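Chemist: Before I ask anything, let me first share the structure, which is written out below as structure tokens.
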Amino acid sequence: MATTVKNRPDAVPRPAAGARRGRRPKGDAQSSRRLAAVLLSPTLLVLALVVGYPVIAGFRESLYSRGQQLDADGFVVEGERFVGLDNYTAVFSGDRGDAFWNAFYNTTFFTVTTVALETVIGVVMALIMHQAFRGRAFVRASILVPWAIPTAISGLLWRWIFQHDGVANAVLRQQVLWTADGLESKIAVIIAEVWKTSPFIGLLVLAGLQMIPREVYEAARVDGAGPLQRFWRITLPLVKPTLLVAVLFRMLDALRMFDLPAVLIGVNKDSVETLTMLSWFEANNVRYGSAAAYATILFVYIAVIAYLFVRLLGADIIGQAKQTGKQRQTRKKAKA
Amino acid sequence: MTAVRAPRAAARPAKPWPARLRGALPYAGIALVALYCLAPFYWMVISAFRRPQDQFDNTPVPVRWSVENFTAVFGGNNDFGRALLNSLIVAGTTTVLTLVIGVFTAYALARLNFPFKNAVLGIIIATTMFPGISQLIPLLKLFTDIGWINTYQAMILPSLGFALPLTVWMLTTFFRQLPFELEQAAMVDGCTRGQAFRKIIVPLAAPGVFTTAIITFIAAWNEFVIALSVVNEQQMQTATVAISKFTGISGHDQPFGTQMAAGVIVTVPLVIVVLIFQRRIVAGLAAGGVK
């Protein structure tokens, strides 16, 4: 083989067969760069087509107005018309401004409350499942049930539970109007959302927990660490990368909440109106321009939150990748 | 795993009372978790089996069991069997495609060094945060132009948009936690990078890959807004869309009984999928060298 000839005498001795890659760092870096390009391109291509293009097209849409309108002289104008930032200024002014800030508040409120509750409940669930030996299969199957139910169906289910003469009121012996427009409906949405999605976090954290070597716990126990200490000093740090990804995805998902409040309470209800619902309502009324404007504002809001999250908490997600890379390089140099 | 556990269990009887309590605690925990997860689901099942005229009873078990709600699901002009098949095709294809594409990308992100790696990571995570609503309208327009309305690809392609980044991120996290030394050792022993990937990384990563498969499949199966928008023929509707369009036979304001029955039917394939993959996960963990 050609590469065998290229081997320098000081290289680590190894069988010649299959040794296609040069030991020299430069050649390796080049080939891994080419390999990376090949491996990444399908993903990037698909994402550019199904996510990149629509968002750009949507932004363009937000600068246009369509449908029948009266122009300055009172004539009816049909079709698309460039309106610049009019769609955006309209969002923030008057009645629609109130509706926007209400939806903005609801979106933020739902995200903060549901994700906080989900994280705590999810981690507890994962710890319980990890502790349990008999019955783990059963509990894992049951934990997957709420999450396996499609959001639209779970919305219907909770609407059924929260009926005025439904089972929730029967259990509480109260007459709460859950699905009316008020604070109760906010609570109903939070309960339904947390029920449905905390298993998602539980499942991911469990997968992370199972990656932790048992010996680490043994060693800690020998060194006299109590259960709480083991949780804070071992479990949490080691599970953190998995947990951070789970929480980040939940946050991004909660920020664009739509199906659940729409099915459970209804569209156009002040108490549960989210930004996506507002945008959907506009699109449903064929006001694509302002729908796209709402969507773009939501997009920017989500981008800011995600950026802050990665910057403040997830910094070591990417830092980990760098560290692994550095270790590799030093190891390679040591071998060369 | 039980073999590893055994010595510790044998050591316990030394402290009888707290040990027994500690032994019972996990079961209490399990019971609590199962109750939390299953109680609403139980209510869905029970409501599905009530007779339509008893629908508003709040007894924990139906006074009179009935499958009337289930026959209503498949009866009339609902064509729910076809809807289930559509869901299976769309969700299955999405899962296979994202896994095939995602495994390679995640491997590159977790293992290889290349310029703009952080930029690529950034792009992939950025795509997850794009609100679906802003993706929908332009794609709908595109699909109308190229005649893709009422096709499977019109549902599958947009689903890749939310499934792929999720898959890549989860796989990357899993791959990073794998012992890279083993791969390096295999390469020192004469494996090519491809061989090292196939023979060392893939078996070790299997639990993570299967967890990812479950998550992707369920996310695709539960997809609602895209399928609702790019399809207007009943023949091509997925199950979730079909249920949302149920109209009550009895003419009540909302056909809760029929919808609960349909919900039960929709979750059964998922429970089967979960059970199949779950065994693989447990086997993979028991045999895996990740410990």
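Chemist: If you stretched the chain out fully between A:Tyr217 and A:Ser93, how much longer would it get, using 0.36 nm times the residue separation minus the C-alpha to C-alpha distance?
Modeler: Full-extension gain reported as 38.8 nm.
Chemist: Kirkwood Rh and Cα-based Rg: tell me the resulting Rg over Rh for segment A:69-328, rounded to two decimals.
Modeler: Reported Rg/Rh, Kirkwood definition of Rh: 1.08.
Chemist: Something else: I need the shape label for segment B:162-261. Rule: rounded when a/c is under 1.5, else prolate if a/b > b/c, else oblate, with a, b, c from the alpha carbon gyration tensor.
Modeler: In terms of gyration-tensor shape, prolate.
Chemist: Here is the link list: A:Lys196/A:Lys240; B:Lys117/B:Lys141; A:Lys186/A:Lys240; A:Lys269/B:Lys141. Which ones come out longer than 25 Å on Cα distance?
Modeler: Checking Cα-Cα distances, B:Lys117/B:Lys141; A:Lys186/A:Lys240; A:Lys269/B:Lys141 exceed 25 Å.
Chemist: Between B:Leu85 and B:Val100, what length comes free when the chain is fully extended (0.36 nm per residue of separation minus the Cα-Cα distance, one decimal in nm)?
Modeler: Fully extending the segment from B:Leu85 to B:Val100 adds 3.2 nm.
Chemist: Provide the convex hull volume over Cα atoms per residue for segment A:194-253, in Å³.
Modeler: It comes to 77 Å³ per residue, whole-number rounded.
Chemist: With θ taken as phi - 60° and the coefficients 6.51, -1.76 and 1.60, list the Karplus ³J(HN,Hα) couplings across segment B:200-208 in order, rounded to whole Hz; mark glycine and proline as x.
Modeler: 10, 6, 4, x, 5, 8, 3, x, x
Chemist: A further question follows. For A:Tyr64, which sequence-distant residues (separation of 5 or more, or a different chain) have an amide H within less than 5 Å of its own amide H, given hydrogens modelled in the peptide plane?
Modeler: Correct list: A:Val83.
Chemist: May I pose another question? Stretch A:Asn284-A:Tyr105 to full length: gain in nm at 0.36 nm per residue minus the Cα-Cα span?
Modeler: Going from the current span to full extension adds 62.2 nm.
Chemist: Continuing with the same structure: Among A:Leu243, A:Leu49, which comes first, second and so on when ranked by fewest other beta-carbon atoms within 10 Å?
Modeler: So the residues, fewest neighbours to most, are A:Leu49, A:Leu243.
Chemist: For each of A:Val189, A:Val167, count neighbouring Cβ atoms within 10 Å of the residue's Cβ, then give the residues from fewest to most.
Modeler: Exposure proxy ranking, most exposed first: A:Val167, A:Val189.
Chemist: With N set to the residue count of segment B:43-90, report its C-alpha Rg divided by 2.2 N^0.38 Å to two decimal places.
Modeler: So the Cα radius of gyration is 1.39 times the expected 2.2 N^0.38 Å.
Chemist: Further question: Can you run the Rg to Rh ratio on segment A:245-316? Use alpha carbon positions and the Kirkwood inverse-distance Rh.
Modeler: Rounded to two decimals, Rg over Rh is 1.06.
Chemist: A further question follows. Listing A:Ser290, B:Ser66 from the residue with the fewest other Cβ atoms within 10 Å to the one with the most, what is the order?
Modeler: B:Ser66, A:Ser290
Chemist: If you don't mind, there's one more thing I want to ask. Peptide A:155-165: average number of partner chain Cβ atoms within 10 Å per residue?
Modeler: Neighbouring Cβ atoms belonging to other protein chains average 5 per residue here.
Chemist: Compute for segment B:79-245: radius of gyration divided by Kirkwood radius, i.e. Rg/Rh, restricted to C-alpha atoms, rounded to two decimals.
Modeler: 1.07
Chemist: Under a Cβ-Cβ cut-off of 13 Å, what is the net charge of the residues other than A:Trp280 that fall near it, where Lys and Arg count +1 and Asp and Glu count -1?
Modeler: Residues close to A:Trp280 contribute a combined charge of -1.
No lab work stands behind these numbers, since they all come straight from the coordinates. Small disclaimer: the values here were computed from a predicted structure and weren't measured. Note: ideal-geometry Cβ built from the backbone for every residue, glycine included; neighbour counts use all protein chains shown.
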